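First the structure, in the form of structure tokens, and then the observations on it.
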Amino acid sequence: MSDDFSIDEVKNFFQPENLKTFFQPENLKAFVARAWHGDLPLWQAFWGLTVLPNVLLNLLVKLIAALIPIPLFLSLLGIVVFIITVPLTVLQIVSVWRSAVNYNAANPNVYWGYAAQALVAIGGIMLAIGLVGVVFHR
């Protein structure tokens, strides 16, 4: 895989046999390790690991909240989502940042890596503000 975005790579990833292979535990573990070390192409780390999962998770939570508007259930759902999203967000931040460093080194005259790092820095600040809000909420 290269750092260059390829529609064929995306189409290939979403083939049923590739998705089935990807979601096997040993492959997920290897993917998380590659992501953590910044070994994913920048486009995969940013779009595939960060943007797409966040959009899907957000839609799923909103759908569940609309279908089951019970306050206690929504509180429990919020706790579960928080427990899932904090480690996921940390993985996303680290992955995109490290992939961007690698991208910047390989492509010194292209600024996508710096743009990704700026967005990740904003995301990290928002995560910190959100955590402080949860801890000190009255």
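Conditions tested, residue by residue: (1) closer than 30 Å to Glu9 by Cβ; (2) part of a helix (DSSP H, G or I); (3) of a type in the set (Val, Ile, Thr).
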{"position": "Phe46", "(1), (2), (3)": "yes, yes, no"}
{"position": "Leu56", "(1), (2), (3)": "yes, yes, no"}
{"position": "Leu77", "(1), (2), (3)": "no, yes, no"}
{"position": "Val101", "(1), (2), (3)": "yes, yes, yes"}
{"position": "Ala105", "(1), (2), (3)": "yes, yes, no"}
{"position": "Asn109", "(1), (2), (3)": "yes, no, no"}
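Just one of (1) within 16 Å of the chain's Cα centre (by Cα); (2) modelled with pLDDT of 85 or more; (3) surrounded by 12 or more Cβ atoms within 10 Å (Cβ to Cβ); (4) of a type in the set (A, V, I, L, M) fails for Val81. It is (2).
Taking Gly38 as the residue in question, decide whether it is on the phi > 0 side of the Ramachandran plot and surrounded by 15 or more Cβ atoms within 10 Å (Cβ to Cβ).
Details: on the phi > 0 side of the Ramachandran plot: yes; surrounded by 15 or more Cβ atoms within 10 Å (Cβ to Cβ): yes.
So Gly38 fits the description; yes.
Just to be sure before I move on: is Phe73 at pLDDT below 90, over 21 Å from Glu9 (Cα atoms) and either touching a strand residue (DSSP E or B) at 6+ places or on another chain (Cβ under 7 Å) or among the aromatic types (Phe, Trp, Tyr) (or both) in the structure I sent? Here the answer is yes, as Phe73 does meet what is asked. Candidates are the residues of the range 111-130 that are surrounded by 13 or more Cβ atoms within 10 Å (Cβ to Cβ) and modelled with pLDDT under 90; the one that is farthest from Trp47 (Cα to Cα) is Gly130. Considered as a group, the residues in the range 11-66 that are of a type in the set (D, E, K, R) and at pLDDT 85 or above include one that is nearest to Trp112 (Cα to Cα), and that residue is Asp39.
The values are calculated or read from the model by the stated rules, or taken from the named source; none is laboratory data. Keep in mind that what you see is a predicted model, and the values were worked out from it rather than measured. As a convention, Cβ positions derive from the backbone with ideal geometry for all residues, glycine included, and neighbour counts pool all protein chains shown.
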